[in-house]
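Structure, as structure tokens:
The values are calculated or read from the model by the stated rules, or taken from the named source; none is laboratory data. Quantities reported herein were computed from a predicted structural model and do not represent experimental measurements. Neighbour counts are summed over all protein chains in view; Cβ atoms, including those assigned to glycine, are modelled from backbone coordinates with ideal geometry.
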Amino acid sequence: MTVPIVIDCDPGHDDAMAILLALASPELEVRALTTVAGNQTLDKTTRNALVVLEVAGRTDIPVAAGADAPLRRELHTAAHVHGVSGLDGPELPEVSQRPVDAHAADFLAEVIEPGVVLVPTGPLTNVALMLQRHPDARPDRIVWMGGAIAEGNITPAAEFNAYVDPEACALVFASGIPITMIGLDVTHKALFTRAHADRLRGAGRAGTFVAELSDFFQLFHERSYRFDGSPIHDAVAVAQVIDPTLVETRHANVAVETASDFCDGRTVVDLRGVTQREANADVGLDIDAPRFLELLVERIASLA
Ligand code: BDR
Ligand code: CA
């Protein structure tokens, strides 16, 4: 049975790889992409989503642009990780497709129907706006890349997607919709190395594109973390929908900090139930890294 999904994203190198993984996977049917400001400004993340569809030859999939800023804060981008374009590295092709004439929050409400899984891979602004504007639009499940049990990345306390729009994040975690949180604790355990990239270089247009994305993305992780590869954060969320056995999760309460000088965007995960707060998420703890990385490489190579 194929699972229909919608990816709400801010491409971004790892968003791009997540989209390509989804497009290459027979277990999934990608119904739409929606875009949000995050890694770069909305005009760039939307253009980049169209670029990825162009590279994959899937311009039949609709794209809707959404929020150009968080609910109540100024936008922080991640140009230091993803570059000026948001997808620095490969030469980006011209795009032939136009976004649909609807705000992502409204378009999401249109395309979400029973059975559809929503996979947000950026700040949760569009998802929060959808819940506010269309209270009846409730996906069966949300599998979100974001948050961290332990250390953050954009601040010591917070992961980037949670940090950019903590109010939206808090609203989504309070919605009662089943949510799986794929945080840094999981994504940092599966590194895509230069050897993986070399297997894809020359494997068709998508493979070469991914290898060149990885060449750039790797620079930040080598410099900042001394990692011998890059976590492909967003692709783990897609992989978890393809094969839920890849990531070990625990049902727990997640509270999101929105009013702190040092900890805004912190996802406070009560793994041992010490707060008596009701569990509201399945939180990723561990990943079968070799199996995830093989899936990613093989599927993207299959797009050739
Ligand atoms: C997340 O932040 C973004 O930079 C990545 O695309 C990913 O969604 C990782 O913290
Ligand atoms: Ca992202």
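Residues checked against (1) part of a loop (DSSP other than H, G, I, E, B); (2) within 16 Å of ligand 2 (Cβ to nearest atom); (3) over 19 Å from Leu124 (Cβ atoms); (4) at pLDDT 95 or above:
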site: Val6; (1), (2), (3), (4): no, yes, no, yes
site: Pro11; (1), (2), (3), (4): yes, yes, no, yes
site: Leu20; (1), (2), (3), (4): no, yes, yes, yes
site: Thr34; (1), (2), (3), (4): no, yes, no, yes
site: Thr46; (1), (2), (3), (4): no, yes, no, yes
site: Thr59; (1), (2), (3), (4): yes, no, yes, yes
site: Ala64; (1), (2), (3), (4): no, no, no, yes
site: Thr77; (1), (2), (3), (4): yes, yes, no, yes
site: His80; (1), (2), (3), (4): no, yes, yes, yes
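With respect to Val55, determine if the residue is assigned to a helix (DSSP H, G or I), in contact with a Lys or Arg (Cβ under 8 Å, 6 or more places away or on another chain) and farther than 25 Å from Pro178 by Cβ.
It is true that Val55 is assigned to a helix (DSSP H, G or I), in contact with a Lys or Arg (Cβ under 8 Å, 6 or more places away or on another chain) and farther than 25 Å from Pro178 by Cβ.
Restricting attention to the range 177-188, does a residue exist that is more than 16 Å from ligand 1 (Cβ to nearest atom), under 22 Å from Gly152 (Cα atoms) and at pLDDT 95 or above?
Looking for residues that are more than 16 Å from ligand 1 (Cβ to nearest atom), under 22 Å from Gly152 (Cα atoms) and at pLDDT 95 or above, one finds none in the range 177-188, hence no.
With respect to Val30, determine if the residue is at pLDDT 95 or above and assigned to a helix (DSSP H, G or I).
It is false that Val30 is at pLDDT 95 or above and assigned to a helix (DSSP H, G or I).
Please find, within the range 129-187, the residue that is farthest from ligand 2 (Cβ to nearest atom) out of those that are among the basic types (Lys, Arg) and more than 24 Å from Leu75 (Cβ to Cβ).
Arg138
Within the range 43-60, track down each residue that is surrounded by fewer than 20 Cβ atoms within 10 Å (Cβ to Cβ) and on the phi < 0 side of the Ramachandran plot.
Listed by number, the residues that qualify are Asp43, Glu54, Arg58, Thr59, Asp60.
If only one of Leu171, Leu200 is modelled with pLDDT of 95 or more, within 21 Å of Leu28 (Cβ to Cβ), in contact with a helix residue (DSSP H, G or I) (Cβ under 7 Å, 6 or more places away or on another chain) and of a type outside the set (D, E, K, R), which one is it?
The match here is Leu200.
Filter the range 280-304 for residues that are among the small types (Gly, Ala, Ser) and in contact with a Gly (Cβ under 8 Å, 6 or more places away or on another chain) and give the result.
Those that are among the small types (Gly, Ala, Ser) and in contact with a Gly (Cβ under 8 Å, 6 or more places away or on another chain): Gly284, Ala301, Ala304.
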